[in-house]
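**Student:** Sharing a structure, written as structure tokens. Questions coming.
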Amino acid sequence: MKKRIFSGAQPTGQLHIGNYLGALKNWVALQDEYEAFYCIVNLHAITLPQDPAGLRKATLDLARIYLAAGVDPSRSTIFIQSDVPEHAELTWVLSCIARMGELERMTQFKDKGKGNAERAGVGLFTYPVLMAADILLYQTDLVPVGQDQKQHLELCRDIAERFNRDYGETFKLPDPYIPPVGASIKSLQDPEKKMSKSDENPNGSILLLDDADTVTKKIKRAVTDSGTTIDFDETRPAISNLLSIYQILTEKTRHECVEHFQGKGYGHFKTELAETVVEFLRPFQERVREFDDETIKSILQPGGERAREIAADTLGDVYVALGIE
Ligand code: ATP
Ligand code: LTN
């Protein structure tokens, strides 16, 4: 029996190269070795206000991105979170297990709630409980995510452990899979912040659907640190970030990257980085155009059915354990 993977992304805004390098790339790489479930988490999306027509479209568009990135529906289950109502049901149960104090410590709530708990939605606060339900429903072994999700994974394990202790062994404890390089790609405009879909400055992120001109302009405008060498250096986060992007896309070692740019300046480096990113995005963007809405729906519908069979089994066990079957 193969071990199981679960991961998901929100259908909000356009995916950027950080989402790809931190998460999607690994989803694709791991799908041979593992039985994989990749979810479009539309219930998470509504923790912040969304335009209904926009959300509907973004849901299908995100499935298209998964497929174009190389998630293979004949090996991996791709589905929409709301097609499996057990996610919402288990969330209620787990919200009776999770503690206020635990959720209050989650940094994403502090960021996305803009520090104003009085005005923030309750769903934004309990977001990590829904995420725990996503993962635990599938008795998941491994969860490939970017660095920003590590804290949510730890909470998920804590909730599962507490449930198992109090009601008997029910959930498998999942491990995070956080890649050694690319787990936290930074904004091109501020290397202290992660590249983010919700960044107001469009120049901070390279979107997976940006055209060649836009990519080149964004990279040319990227901030750099003082100093002139092209090197990995903790004290120079801007150049280190750009070099990491180059490293992953070219599959070179750190040493090979540094050697390659020895004696070259920022101008030369940025030109080569832009070419590398454009060449990577070109075939990806061609594949995105290949999947029409009907094809996408014909993948998501059976995906939801398959996911639901497993989710229903786990939820059945949970209800028996609790005495509410
Ligand atoms: P954002 O912060 O960009 O608005 P998000 O984290 O809210 O996005 P998702 O689309 O749900 O949104 O994230 C999908 C995956 O991408 C997650 O596994 C997340 O950890 C990863 N990810 C997001 N930003 C980055 C980044 N800058 N570098 C690496 N991985 C990232
Ligand atoms: N919170 C994640 C998206 C997400 C997720 C999950 C990731 C929701 N449920 C389950 C892994 C496993 C984010 O990236 N914002």
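The values are calculated or read from the model by the stated rules, or taken from the named source; none is laboratory data. Worth saying up front: this structure is predicted, and the values here are computed from it rather than measured. With ideal geometry, Cβ positions are generated from the backbone for all residues, glycine too; neighbour counts draw on all protein chains shown. The area values use the complete protein model at the heavy-atom level, side chains included, leaving out ligands, DNA and RNA. Shrake-Rupley method; radii C 1.70, N 1.55, O 1.52, S 1.80 Å.
**Student:** In the list 134, 83, 141, 158, which residue meets the criterion of being of a type in the set (Asp, Glu) and over 27 Å from residue 63 (Cα atoms)?
**Tutor:** After ruling out the rest, the residue left standing is 158.
**Student:** Which one is surrounded by the most Cβ atoms within 10 Å (Cβ to Cβ), of the residues in segment 151-179 that are within 14 Å of ligand 2 (Cβ to nearest atom), charged (D, E, K, R) and assigned to a helix (DSSP H, G or I)?
**Tutor:** Filtering segment 151-179 for residues that are within 14 Å of ligand 2 (Cβ to nearest atom), charged (D, E, K, R) and assigned to a helix (DSSP H, G or I), the one surrounded by the most Cβ atoms within 10 Å (Cβ to Cβ) comes out as 157.
**Student:** Which of the residues that make up segment 180-193 are surrounded by fewer than 22 Cβ atoms within 10 Å (Cβ to Cβ) and within 14 Å of ligand 2 (Cβ to nearest atom)?
**Tutor:** Listed by number, the list holds a single entry, 184.
**Student:** Moving on. Within segment 309-325, how many residues are open to solvent by 90 Å² or more (accessible area, probe 1.4 Å) and not charged (D, E, K, R)?
**Tutor:** Total meeting the criteria: 1.
**Student:** Separate question: Can you work out which of the residues in segment 194-234 that are open to solvent by 20 Å² or more (accessible area, probe 1.4 Å) and of a type in the set (Val, Ile, Thr) is farthest from ligand 2 (Cβ to nearest atom)?
**Tutor:** Per the stated criteria, the residue is 228.
**Student:** While we're here: Please go through segment 13-35 and pick out each residue that is in a helix (DSSP H, G or I), open to solvent by 50 Å² or more (accessible area, probe 1.4 Å) and within 12 Å of ligand 1 (Cβ to nearest atom).
**Tutor:** If the condition is that a residue be in a helix (DSSP H, G or I), open to solvent by 50 Å² or more (accessible area, probe 1.4 Å) and within 12 Å of ligand 1 (Cβ to nearest atom), then 25 is the only one that fits.
**Student:** Restrict the check to segment 222-234 and report whether at least one residue is among the acidic types (Asp, Glu), out of contact with any Lys or Arg (no Cβ under 7 Å at 6 or more places or on another chain) and over 18 Å from residue 258 (Cα atoms). It would help to see each step written out before you state the result.
**Tutor:** Kept after step one, since they are among the acidic types (Asp, Glu), are these residues of segment 222-234: 225, 231, 233-234.
Then drop every residue that is not out of contact with any Lys or Arg (no Cβ under 7 Å at 6 or more places or on another chain), which leaves 231, 233-234.
If we keep only those that are over 18 Å from residue 258 (Cα atoms) as well, we get none.
No - not one qualifying residue is present in segment 222-234.
**Student:** Looking at residue 148, is it within 12 Å of ligand 1 (Cβ to nearest atom), farther than 16 Å from residue 274 by Cβ, open to solvent by 60 Å² or more (accessible area, probe 1.4 Å) and not in a loop (DSSP other than H, G, I, E, B)?
**Tutor:** So residue 148 fits the description; yes.
**Student:** Let me ask another. Which one of the conditions (1) open to solvent by less than 70 Å² (accessible area, probe 1.4 Å); (2) at pLDDT below 95; (3) of a type outside the set (Asp, Glu) does residue 114 fail to meet, given that it meets all the rest?
**Tutor:** (1)
**Student:** Could you please give the count of residues in segment 36-63 that are assigned to a helix (DSSP H, G or I), within 23 Å of residue 138 (Cβ to Cβ) and either without any contact (Cβ under 8 Å) to a residue 60 or more places away in the chain or open to solvent by 10 Å² or more (accessible area, probe 1.4 Å) (or both)?
**Tutor:** Residues flagged as assigned to a helix (DSSP H, G or I), within 23 Å of residue 138 (Cβ to Cβ) and either without any contact (Cβ under 8 Å) to a residue 60 or more places away in the chain or open to solvent by 10 Å² or more (accessible area, probe 1.4 Å) (or both) within segment 36-63 amount to 6.
**Student:** Further question: Return the residue satisfying two criteria in turn: it lies in segment 259-308 and is among the basic types (Lys, Arg) and surrounded by fewer than 17 Cβ atoms within 10 Å (Cβ to Cβ), and of such residues it is farthest from residue 25 (Cα to Cα).
**Tutor:** Ranking the candidates gives 264 first.
**Student:** Exactly one condition in (1) within 14 Å of ligand 1 (Cβ to nearest atom); (2) out of contact with any His (no Cβ under 7 Å at 6 or more places or on another chain) is false for residue 207; which is it?
**Tutor:** Evaluating residue 207 over (1) within 14 Å of ligand 1 (Cβ to nearest atom); (2) out of contact with any His (no Cβ under 7 Å at 6 or more places or on another chain) leaves (2) as the failure.
**Student:** Taking the stated definitions as given, is residue 324 of a type in the set (Val, Ile, Thr), closer than 30 Å to residue 138 by Cα and assigned to a helix (DSSP H, G or I)?
**Tutor:** So residue 324 fails the test.
**Student:** Being within 25 Å of the chain's Cα centre (by Cα) and outside any helix (DSSP H, G or I) is the requirement here; does residue 234 meet it?
**Tutor:** Yes; evaluated as a whole, the condition is true for this residue.
**Student:** Quick one: which residue in 243, 249 is of a type in the set (A, V, I, L, M), more than 16 Å from ligand 2 (Cβ to nearest atom), part of a helix (DSSP H, G or I) and farther than 27 Å from residue 11 by Cβ?
**Tutor:** Going through 243, 249 in turn, just one is of a type in the set (A, V, I, L, M), more than 16 Å from ligand 2 (Cβ to nearest atom), part of a helix (DSSP H, G or I) and farther than 27 Å from residue 11 by Cβ: 243.
**Student:** Still on this structure, please answer the following. How about segment 130-144: which of its residues are open to solvent by 10 Å² or more (accessible area, probe 1.4 Å) and either in contact with a strand residue (DSSP E or B) (Cβ under 6 Å, 6 or more places away or on another chain) or in a helix (DSSP H, G or I) (or both)?
**Tutor:** Hits for segment 130-144 are 130, 131, 141, 142.
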